[in-house]
Amino acid sequence: MEVSIFPANDVSNVFRDNYECTLADRTSTSPVHWIFQEGMLYSNLYVHRLNGGGEDMITKNDVLLLIDIQKGFHNPKLGSPYDLGAVENMRDLLKLWRKNKSRVIHIQHTPKERTSLFHPSKEGHDFMDGFVPENDEICIQKPTNSAFIGTDLEQVLNDNHPERVYVIGLTTPHCVSTTVRMSGNLGFSTVIIEDATVSFPIGEYDGETVQKLTIATLKDEFASVKTTEQIKESFTIENETDGGRPHQQSTR
C-alpha cells in the first residue's frame, strides 16, 4: 500500500481530490487526517507507517462487537472456563475503543425462556462489571445465538460502514462463533480476537480443546484471528473529532 506525501504548497491539489483517501491505488477507506510538520503535509496513514504500523491499524471506522459479556457466565454449573485472561483483555480493548472514540456495539443475550440464566428477570442478564454500555454506545438485545437473528445488527453495521468488525465475548463455540460466521457470510471484514473470548467444557471436551478447535474452524474461512497484544500494537489513538458520525441506540 503506497501512501503519498504532499508539500504544503500543494494543499489545494490534495484536497481537490477525494479527501478520504491519500493512497495512490485508492484501496483504503480509512479516515484521513492531515499533519503539518517542517513545511510538509503528511497524512495520518503515513505517520502511522513511519511508526511501524501497517494496513491493519485500528481506526474510528472499526467496530468492536462485544458478545454477551453478562453475569450469567459466573455460574459455577458451567464448569471451568478456558479464558487466558480474556475478561481483562476485553476490558482493555473496550477502554482502547472508548479512548479512540471508535464504534462500540454491545450484544446482550435476552432469551424468552424463563429457565435461562440470562432471562431478563434474573441477575445473569446484567452486564458484567465494567461492560455496561456508556453514552451513545449501541446495545442490541438478541433472542438467539446469532447477534444477527431477530435484531437490526446488520442494518446498524451497514449504516455505520465499518472497515472491520472485531468480535470479542462469550462463548467462543456458541454465540461468538455463530455471529462471526454470519458476519463473514454477510460480507463484513471480520476479526475474532481469540484471547478475548471464552470457552467452557462441552461434554467430554475441556474448555481448551473447545476453544482451540472453534478458533481453527473460524480462521481464514470466516474471519481473521488476532490476539489482544496484536490489536494494541496496531492501535492509533486519534485526537481529532470523528466528523459527526451517526449514532443510534437499538433495544430490539
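Worth pointing out:
- Among the residues making up region 111-145, a single one is farther than 26 Å from VAL63 by Cβ and outside any loop (DSSP other than H, G, I, E, B): GLU123.
- Only listed residue being in contact with an Asp or Glu (Cβ under 8 Å, 6 or more places away or on another chain), modelled with pLDDT under 95 and buried (at least 18 other Cβ atoms within 10 Å of the Cβ), chosen from LEU117, LEU41, LEU45: LEU41
- In this structure, ASN160 qualifies as surrounded by fewer than 18 Cβ atoms within 10 Å (Cβ to Cβ) and in contact (Cβ under 8 Å) with a residue 40 or more places away in the chain.
- Selected residue [in contact with a Cys (Cβ under 8 Å, 6 or more places away or on another chain) and either within 19 Å of SER199 (Cα to Cα) or at pLDDT below 95 (or both)] from ASN100, ASN145, ASN160, ASN135: ASN145
- Scanning region 123-143 for residues that are out of contact with any Asp or Glu (no Cβ under 9 Å at 6 or more places or on another chain) and without any contact (Cβ under 8 Å) to a residue 12 or more places away in the chain yields a count of 2.
- Lone unmet requirement of (1) part of a strand (DSSP E or B); (2) out of contact with any helix residue (DSSP H, G or I) (no Cβ under 9 Å at 6 or more places or on another chain) for VAL167: (2)
The values are calculated or read from the model by the stated rules, or taken from the named source; none is laboratory data. All of these numbers come straight from a predicted model, not from anything done at the bench. Heads up, the Cβs are rebuilt from the backbone with ideal geometry, glycines too, and the neighbour counts pull from every protein chain shown.
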